[in-house]
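A short write-up of the structure that comes next.
The values are calculated or read from the model by the stated rules, or taken from the named source; none is laboratory data. This one's a predicted model, so the numbers in the text were calculated from it and none came from an experiment. Note: ideal-geometry Cβ built from the backbone for every residue, glycine included; neighbour counts use all protein chains shown.
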Amino acid sequence: MTTYRRINVTSGRPLEPLTHYSRALRVDNRVLLSGSTAIDRSGKVIGEGDIVRQVDAIMELAQHYMGLAGGRIDDIVRSRIYVTDIALGDAAARALARYFRDIRPAATLVQINRLARPTQLIEIEFEAVDGAKDNAQRVFSGRAIEDEYGYCRAVRVDDRVFIAGTTALSPEGQIVGAGDMYTQTRATLDTILAALDELGGVPGDLVNTKTFVTDLGASNPYFQAFMETLNGIHPTSTLLGIPALIRPEMQVEIETDAIIGAATQRQEIFTAQQREKVRGYARAVAVGDWVYVSGCTSLSAAGDVQAVGDWAAQYDLCHETIQWALEQAGARLDDVISRRTFTIDRAQPNRLYGEGPAWFANSWTISMGCRVAGLAHPELLVEVEATALKGAHAGIEWLAPANDPLC
């Protein structure tokens, strides 16, 4: 087993030890920032009603905590931007573009239903790779929105490819297949595969997908287009229902990750009845030491929802499935470096922070959580996805800065 340098950076805020997450984390040459909002050291929201001020506060936090892990915001390769009102998306993206004009990360921007507090307008995740500013290859699709918002279609660093949240927006600014989920999905995936090809990859190198749809009722044509386009390739998948994308005609946005060479060395993992396979994805995909786990829910192997109406029980079942999938790939739960929790807007969590199984008490991953409109089945309350690196559990360096000015 390879041993990777790992640093967990904690900020000292009270929620981190209760839910066992790190503000920032280094593993090998990658530095990740947990989903971050504009909260000051006393717990108050910075910039209430002003999304630009909230972006600036998050960027100050990112520079500080990623820096403590030995990273730089100039090496950011991916950003995920979650806004509570899509009408604020343009202002948020333009505010971020001021920081990223010279580096142009792959970016995803979607509306979610809500964050922990009503005055929080935005949450952002970042991922950086050492030296990316100078060494990354970047692909641009010719869409004006990429220049306006300061991002690129895809970034390659070494054998890793980070592909931005992609829609059916044409280079001319039109939505391909407006009103037609199947056509939009095909057009979106064609753009993704073209970017991957330009960076030296093939479809079989895709390992991970995250899909946001504005109409879960149209998921069948989405899955049909997904399977037909990928033609026997089964990346991991998380499918989330959200209120809106940046343009009202957009029905689907897909973000992907690829590893060059994965086509010849990937291990695709399915549950016993291979319920995932018939919809074109895998429960987990392992390439070398990397393991991606699809969004996990309380669905049984037969496709029945377990623990109906019980958020806490469903949450635990999500983690049991993640643990099982990791074990099939030769990894362990403590190897998880990132996790994301998506709870539907109407769900009532029935367990306080710090109660229940302490799934990540030994590893303190980065974490992100928000409310979404829906999941694949109307009785599902929560979905959790994870990424792990085999060996990442060993030799963690814990960094809790004393007298931290941002705490």
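Within this structure, Ala272 passes the test of being of a type in the set (Gly, Ala, Ser) and either in contact with a helix residue (DSSP H, G or I) (Cβ under 6 Å, 6 or more places away or on another chain) or outside any strand (DSSP E or B) (or both).
The set of residues from segment 197-243 being β-branched (Val, Ile, Thr) and over 19 Å from Ser294 (Cβ atoms) comprises Val202, Thr214.
Quick grid of which residues meet (1) under 25 Å from Ile7 (Cα atoms); (2) within 18 Å of the chain's Cα centre (by Cα):
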residue	(1), (2)
Met66	yes, yes
Ala93	no, yes
Arg114	no, yes
Arg117	no, no
Gln137	no, no
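Looking at Arg114, Arg104, can you tell me which residue is touching a residue at least 60 places away in the same chain (Cβ under 8 Å) and in contact with a Cys (Cβ under 8 Å, 6 or more places away or on another chain)? Before you say what the answer is, go through the steps one by one.
Working: Arg104 fails: touching a residue at least 60 places away in the same chain (Cβ under 8 Å).
Exactly one of Arg114, Arg104 is touching a residue at least 60 places away in the same chain (Cβ under 8 Å) and in contact with a Cys (Cβ under 8 Å, 6 or more places away or on another chain), namely Arg114.
In the set (1) under 21 Å from the mean Cα position of the chain (by Cα); (2) more than 26 Å from Ala361 (Cβ to Cβ); (3) among the aliphatic types (A, V, I, L, M), Val31 fails one condition alone, (2).
Taken over segment 246-261, the criterion of being of a type outside the set (D, E, K, R), part of a loop (DSSP other than H, G, I, E, B) and surrounded by fewer than 24 Cβ atoms within 10 Å (Cβ to Cβ) is satisfied by Ile246, Pro248, Met250, Ile260, Gly261. For segment 172-215, the tally of residues that are at pLDDT below 95 and crowded, with 20+ Cβ neighbours inside 10 Å stands at 0. Restricting Gly142, Gly179, Gly201 to those that are under 24 Å from Pro221 (Cβ atoms) and of a type outside the set (Val, Ile, Thr) reduces the list to Gly179. Please verify whether segment 330-346 includes one or more residues that are touching a residue at least 60 places away in the same chain (Cβ under 8 Å) and in a helix (DSSP H, G or I). Looking through segment 330-346, none of the residues is touching a residue at least 60 places away in the same chain (Cβ under 8 Å) and in a helix (DSSP H, G or I). The requirement of being in the same structural domain as Ile122 (by TED's automatic domain parsing) and in contact with a Ser or Thr (Cβ under 6 Å, 6 or more places away or on another chain) is not satisfied by Ile39.
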